[in-house]
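The values are calculated or read from the model by the stated rules, or taken from the named source; none is laboratory data. Here the structure is a predicted model, which is why all the values come from computation and not from measurement. In this analysis, Cβ positions are derived from the backbone assuming ideal geometry, glycine residues included, and neighbour counts consider all displayed protein chains. For the accessible areas, the whole protein counts, side chains as well, though only heavy atoms, and no ligand, DNA or RNA atoms are used. Shrake-Rupley method; radii C 1.70, N 1.55, O 1.52, S 1.80 Å.
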Amino acid sequence: MPKTCVVIGGSHASAQFVVSLRQGGWEDRIVLIGDETDLPYHRPPLSKDFLSGSKELNEILIRPAKVYEDADIELKLGTRVKSVDRKEKTVRTEQGETIAYDKLVLATGARVRKLPIAGADPRVMYLRDTNDVRGIKSAMAEGKRAVIIGGGYIGLETAASLRKNGMEVTVLEAMDRILQRVTAPVMSDFYRRVHTEEGVVIAENEMAASISATEKELTVITKSGAEYPAD
């Protein structure tokens, strides 16, 4: 009897796994289920090349569509798994489809961590996937103000991309220095200087406490009481 391997998640891991499984001799059905509508892609370029506009989605794909087609991988994109029945060996999607499996692989990756502060508003955006970036790009305009909460690599790369598009950018970092979790002080000093020279305002030891929203603008209020307006 033919067997089915179901892979849940459209991550880098799943994109590599399904091809390796086929190359390793699995001749039966392979189903890759991903809740994003795009083919699996590299995430690091999102805050750099993709956000800045220097690369299109097809340039950051892990593999082109033809690779999955040639390997006979069944793609179910834009599909979220609702439940897994390990006893019956089935997965059920939110669309109501039930798929039986012989082997099940979980490669769901991570979710963006929502900031636990008051101030939900459509103009408060996160950066984790391609749809997030598309939303940010649609809101970009020369002269607009952006406040970025988080002075890590993604925050700084996003700041550089927004500055490239003529925006006024402020980066808020809760710790003593940007990149404190991942690099030495000398590197923090280097990146602070580079970004400051490009016009980015960097505020360290500033932890966001709340976001105030009016029709005109947003204001990020920090624990020190400082206020940073943004569009």
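Just the residues that are exposed (fewer than 15 other Cβ atoms within 10 Å of the Cβ) and either farther than 23 Å from residue 55 by Cβ or in contact with a Ser or Thr (Cβ under 7 Å, 6 or more places away or on another chain) (or both), please, taken from the stretch 165-198.
176, 181, 182, 184, 185, 186, 187, 189, 190, 193, 196, 197
Go through the stretch 128-164 and give me each residue that's open to solvent by 40 Å² or more (accessible area, probe 1.4 Å), closer than 23 Å to residue 111 by Cβ and outside any helix (DSSP H, G or I).
Matches in the stretch 128-164: 128, 149.
Yes or no: the stretch 190-201 includes at least one residue that is in contact (Cβ under 8 Å) with a residue 60 or more places away in the chain and more than 13 Å from residue 148 (Cβ to Cβ).
no
Kindly list, by first and then second residue, each pair from a residue in the stretch 141-152 that is of a type in the set (Asp, Glu) to a residue that is surrounded by 15 or more Cβ atoms within 10 Å (Cβ to Cβ), limited to pairs with Cβ atoms under 8 Å and residues at least 6 apart or on different chains.
142/165; 142/167
Is it the case that some residue within the stretch 27-36 is without any contact (Cβ under 8 Å) to a residue 24 or more places away in the chain and farther than 30 Å from residue 142 by Cα?
yes
Applying the selection to the stretch 54-64, what residues are loosely packed, with under 12 Cβ neighbours inside 10 Å and part of a helix (DSSP H, G or I)?
Passing the criteria: only 58.
Checking residue 91 against (1) open to solvent by less than 40 Å² (accessible area, probe 1.4 Å); (2) under 16 Å from residue 37 (Cα atoms); (3) part of a strand (DSSP E or B), only one condition comes out false. Which one?
(2)
Residue check: is residue 125 within 22 Å of the chain's Cα centre (by Cα) and either aromatic (Phe, Trp, Tyr) or within 21 Å of residue 220 (Cα to Cα) (or both)?
yes
Run residue 96 past the list (1) exposed (fewer than 14 other Cβ atoms within 10 Å of the Cβ); (2) on the phi > 0 side of the Ramachandran plot; (3) touching a residue at least 24 places away in the same chain (Cβ under 8 Å) and report the number of the one that doesn't hold.
Looking at each condition in turn, residue 96 falls short on (3).
Among the numbered criteria (1) outside any strand (DSSP E or B); (2) open to solvent by 50 Å² or more (accessible area, probe 1.4 Å), which one does residue 46 miss?
Tallying (1) outside any strand (DSSP E or B); (2) open to solvent by 50 Å² or more (accessible area, probe 1.4 Å), residue 46 fails exactly one: (2).
Please find, within the stretch 101-127, the residue that is surrounded by the most Cβ atoms within 10 Å (Cβ to Cβ) out of those that are closer than 20 Å to residue 9 by Cα and modelled with pLDDT under 90.
109
Quick test for you: out of 75, 51, pick the one residue that is crowded, with 18+ Cβ neighbours inside 10 Å, part of a strand (DSSP E or B) and out of contact with any Cys (no Cβ under 9 Å at 6 or more places or on another chain).
When all the criteria are applied, what remains is 75.
Okay, residues lined up against (1) at pLDDT 95 or above; (2) under 19 Å from residue 115 (Cβ atoms); (3) of a type in the set (Asp, Glu):
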residue	(1), (2), (3)
168	yes, no, yes
171	yes, yes, no
178	yes, yes, no
186	yes, no, no
208	yes, yes, no
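Does residue 71 satisfy being at negative phi and in contact with a Lys or Arg (Cβ under 9 Å, 6 or more places away or on another chain)?
yes
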